[in-house]
Each structure stands twice: as structure tokens, then as C-alpha cells.
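The values are calculated or read from the model by the stated rules, or taken from the named source; none is laboratory data. Everything quoted here is computed from the prediction, not taken from an experiment. Quick reminder, even Gly has a Cβ in these numbers, built from the backbone with ideal geometry, and neighbours come from all protein chains shown. Only protein heavy atoms, including side chains, enter the accessible area calculation; ligands, DNA and RNA are left aside. Shrake-Rupley method; radii C 1.70, N 1.55, O 1.52, S 1.80 Å.
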Amino acid sequence: MIVVFLGPPGAGKGTQAQRLASEKGFIHISTGDLLREAVKRGTLLGLKAKEYMDRGELVPDDLIVAMIKEKLPKEGRVILDGFPRTVNQAQALDKMLEEINDKVEKVILFEVPDEIVIERLSGRRIDPKTGKVYHIKYNPPPKGLKVIQRDDDREEVIKKRLEVYRKQTQPLVDYYRQKGNLEVVDASQSPDEVYREILTKLGIS
Ligand code: AP5
């Protein structure tokens, strides 16, 4: 079962995907996490990706598609978080899945206004050891845990990421709506409420 999480930066995709992975056995594939890992390890992909990520722009499609081809499991419940992000990437994914007789089962669109996105991203903190996501107000890290802020969570980069989302990723809403597998979730609710809505939309109890 392949599920795509689509939505603006800071909508809560990673938070919900982490919970579905730990409670429902989903394999969570986040292109953002994979790229940050490549940057940290200083691989060729990491070196190429870093300049785009720091500017809040998308990393070129060919690099992303090659990375997903390597990581996509042949079976199991999978969440693709942050991929696809362009129509080109969506077409490449469809082709990849066709070859193994599979398809995107559901696309969950996280709908949330810009003001909430900005507040969520500016308060986001990460545990660098586990990658677990926290928020200084909505989900504070345990006392004593050393957390970090992402380089691209600075205000000017957040604005750019939102602009890029609207221009390059939003066309995917129509792409999947036409295919009939788009489900919209109100991501401005509390994390528990969003989680319950996703489970209902996926038909999981
Ligand atoms: P990526 O890492 O994918 O970033 P993003 O899509 O911008 O998404 P975020 O991780 O910022 O947000 P999220 O929706 O996961 O929110 P989260 O759960 O953390 O991509 C980074 C960069 O990599 C891109 O800019 C691009 O350069 C590159 N890239 C990645 N994929 C690519 C691709 N396919 N093609 C090309 N380039 C690619 O939540 C945010 C905060 O809010 C947290 O603090 C959380 O605790 C809090 N929160 C979550 N839910 C709630 C809630 N319901 N109520 C209150 N607070 C909440």
C-alpha cells in the first residue's frame, strides 16, 4: 500500500508519518530526511542538494527520482512524505510502480493556512540523534534533550519554500484529483485530530 503525503512545508506531514510508522507499521520514506542525511554524510548527492535546500528551492527531479528508485520497498505499507513534489516526479513514480504492478493507493492532502505554517516552522525543533520532531509550544521536547533548528526554518527561507510549493507542487492536487485518489485532511487541527482523520481516510482502525 503506497500512500503519498502532500502539503505545504510545516503542515505536519513528518509528524503524522512518524506516528503511523510507530503505531501502524508504515515504512516512512521522507525525501527531506534522506537529503539531510546525505548532506550530513557529505556524499555527492548531499553536496549537490545542499545549495538548493538552503535556498528553499527544489532539488532537481533526476536526483530525487534516482534516490527514490533506490529506496522504494517492493512491499509493505509505505508513506512517501515530501515526494512527489512536481508533476514530473509524479509521472516518474507512476512509471516505477507500474513496473512492479503497483500504484499510489491514496494521496493525503494536508490543508493548512500560511500563518499556521509559519508559526509551526519557526517553533520546530529536531532531536539530531533520532530525527524526532518537536515544537517549542505544541509538542515541547523533554527537559534536558538537546534539540536543533533546521537551517531552512529561517523566516526568509520559509517564505521561499511556500512560494515554491504553490508554483511547483500545488499542480499535483489536480493531478491526483483527476486520478480519483485524493483525500483532503484539515491539518490545522490538533495532532491527535489530524491523526484520527488520516486513519479514517485510509480506512485503518
Ligand atoms: P522537507 O524536509 O520535505 O520539508 P517540507 O516539505 O518543507 O516539510 P517540513 O518537513 O518542513 O514539514 P512537515 O509537513 O513534515 O511538518 P512537521 O511534521 O515537521 O524538504 C526540505 C527540502 O528538501 C525542500 O525544501 C527541498 O529543497 C528538498 N526536497 C525534499 N523533497 C524533495 C523533492 N521531492 N523534490 C525536490 N526537492 C525536495 O511539523 C512542523 C512543526 O509543526 C513541528 O514543530 C511539529 O511539532 C509541529 N506540528 C505538527 N503538526 C502539528 C499540529 N497538528 N498542531 C500543532 N503543531 C504541529
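Annotations for the structure displayed:
- Across the range 185-205, the qualifying residues are those that are in contact with a strand residue (DSSP E or B) (Cβ under 9 Å, 6 or more places away or on another chain) and in a loop (DSSP other than H, G, I, E, B), and the one among them that is farthest from the ligand (Cβ to nearest atom) is GLY203.
- Listed by first and then second residue, the pairs with beta-carbon distance under 8 Å, at least 6 apart or on different chains, first residue in the range 70-88 and at negative phi and within 14 Å of the ligand (Cβ to nearest atom), second aromatic (Phe, Trp, Tyr) and open to solvent by 30 Å² or more (accessible area, probe 1.4 Å), are VAL87/TYR175.
Matching residues to (1) farther than 20 Å from PHE5 by Cα; (2) open to solvent by less than 80 Å² (accessible area, probe 1.4 Å):
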| site | (1), (2) |
| --- | --- |
| TYR138 | yes, no |
| PRO141 | yes, yes |
| GLN149 | yes, no |
| GLU156 | yes, no |
| VAL173 | no, yes |
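- Taken residue by residue, the range 160-174 has at least one member that is farther than 23 Å from GLY56 by Cβ and either within 17 Å of the chain's Cα centre (by Cα) or assigned to a helix (DSSP H, G or I) (or both).
- Filtering PRO60, PRO9 for residues that are farther than 16 Å from LEU199 by Cα and buried (at least 20 other Cβ atoms within 10 Å of the Cβ) leaves a single hit, PRO9.
- Verdict on PRO73 being assigned to a loop (DSSP other than H, G, I, E, B) and under 16 Å from the mean Cα position of the chain (by Cα): no
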